[in-house]
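Written below as structure tokens is the structure these notes are about.
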Amino acid sequence: MCGNNMSAPLPAIVPAARKATAAVIFLHGLGDTGHGWAEAFAGIRTPHVKYICPHASLSSPFTNPLCSYRFDIISLSPEAEEDESGIKRAAENIKALIDQEVKNGIPSHRIVLGGFSQGGALSLYTALTMHQKLAGVMALSCWLPLRSSFPQAAASSSNKDVHILQCHGEADPLVPLVFGCLTVEKLKSFVDPANVQFKTYPRMPHSSCPQEMMDIKQFIEKQLPPIN
């Protein structure tokens, strides 16, 4: 846990309606908190699944790196420099959160990791560089960070055949659809292409929509079925 006076708040959690046998960890975008996404998941919840929506630190990511998953976005152009150390540090923090759930009794292969925008970028990078096997990844309105380091960075990952749901709004002005298209092509070059779904939504800006939430619900139910 975070151990100084600048601790990030505890995650927003939607508890399972019965005994939790699976979990979704979902990372919000820049300048947001986990509360809105927790509310969205409460509307599509599956009874045996626990939903965990951590809050990134609102302070600088360098103030208290143990309690933040934020990293600096320098530019979104394809040739832009990226905050490599911040991304890697943030990924380690998410892996620690997954480890905590495993200690709580939910195995990693019963965990779906996901996120929106910056959180989606981080969920992709984390999943594709970790040694524990995940049930799936949901990458919404985002991009693959440090993409020039792949597929080498994924060489030792346990998630080369992970199921990925990637979603993007066709009217996104902040992370244009072309970033989603470039990302899905890159993913298919080192993840089993049959396991990568890419869904786009007409007129959807940098946000979510009811159809996307239904697609998310179906993906979660397929990757995290109930167990007896």
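Coordinate-derived values only; no laboratory data. Computed from a prediction, not measured in an experiment: that's the story for all the values here.
Some notes on this structure:
- Residues whose amide H lies under 5 Å from that of Gln132, counting only those 5 or more places away or on a different chain, are Ser158; hydrogens are built 1.01 Å from N in the peptide plane.
- Of all aspartates and glutamates in the structure, the ones whose alpha carbon falls short of 14 Å from that of Lys217, not counting any fewer than 8 places away in one chain, are Glu39.
- 3J(HN,Hα) from dihedral phi, segment 100-116, Karplus parametrisation 6.51/-1.76/1.60, rounded to Hz, x for glycine, proline: 5, 5, 4, 4, 6, x, 9, x, 4, 6, 10, 10, 9, 9, x, x, 10
- With all projection directions averaged, the alpha carbon convex hull of segment 83-228 covers 8.7 nm².
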